[in-house]
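Each reported figure results from applying straightforward, stated rules to the coordinates on display, with no laboratory input. The structure displayed is predicted, hence computed values, not measured ones. Every residue, glycine as well, gets a Cβ built from its backbone with ideal geometry; the counts of neighbours run over all protein chains shown.
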Amino acid sequence: MESEKLFELMSKMYSEMQDMKSEIGGIKFEIGGMKSEIGGMKSEIGGVNARLDALDVGQKNLNIKLNALDNGQKEIKDIQLRMENTMSEKFGALFDAREVQFDTDERLADSLNRIDGKLNKLTMKVVRNDMSMTHIK
């Protein structure tokens, strides 16, 4: 009887060990699947990291270009200020030259008026003298 109990116990243990063995096999299979999924995730993370690195490089390039634009804009502002100063000086000089020319034109007009008046007087004297000479003849 005891040997039957022992045989029964051992059979039961063997059966349970076989069940455990199949469960462990299932767990190993699932772990293998998990490892495969983790490997895929690592690959995807590597791709995401590569894309992030490319974005960082692009961001740095944009910053370089933005700095160049800022410098160019500062240069344009400096050039604009120089042009405004130069144009202001030139417009001032043109205005002054116009004033001088206006004064000169005014003096010339006065001189021409005086000369015209004198010429008229001389013409009248010549006409009188001509008339006097024709009377004398």
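Points worth noting:
- Remark: Lys5 matches the filter, which requires a residue to be part of a helix (DSSP H, G or I), free of Cβ contacts under 8 Å to residues at least 12 places away in the same chain and exposed (fewer than 10 other Cβ atoms within 10 Å of the Cβ).
- Taking residues in the stretch 14-25 that are without any contact (Cβ under 8 Å) to a residue 60 or more places away in the chain, and partners anywhere that are of a type in the set (Asp, Glu) and in a helix (DSSP H, G or I), not one pair has Cβ atoms closer than 9 Å while being at least 6 places apart or on different chains.
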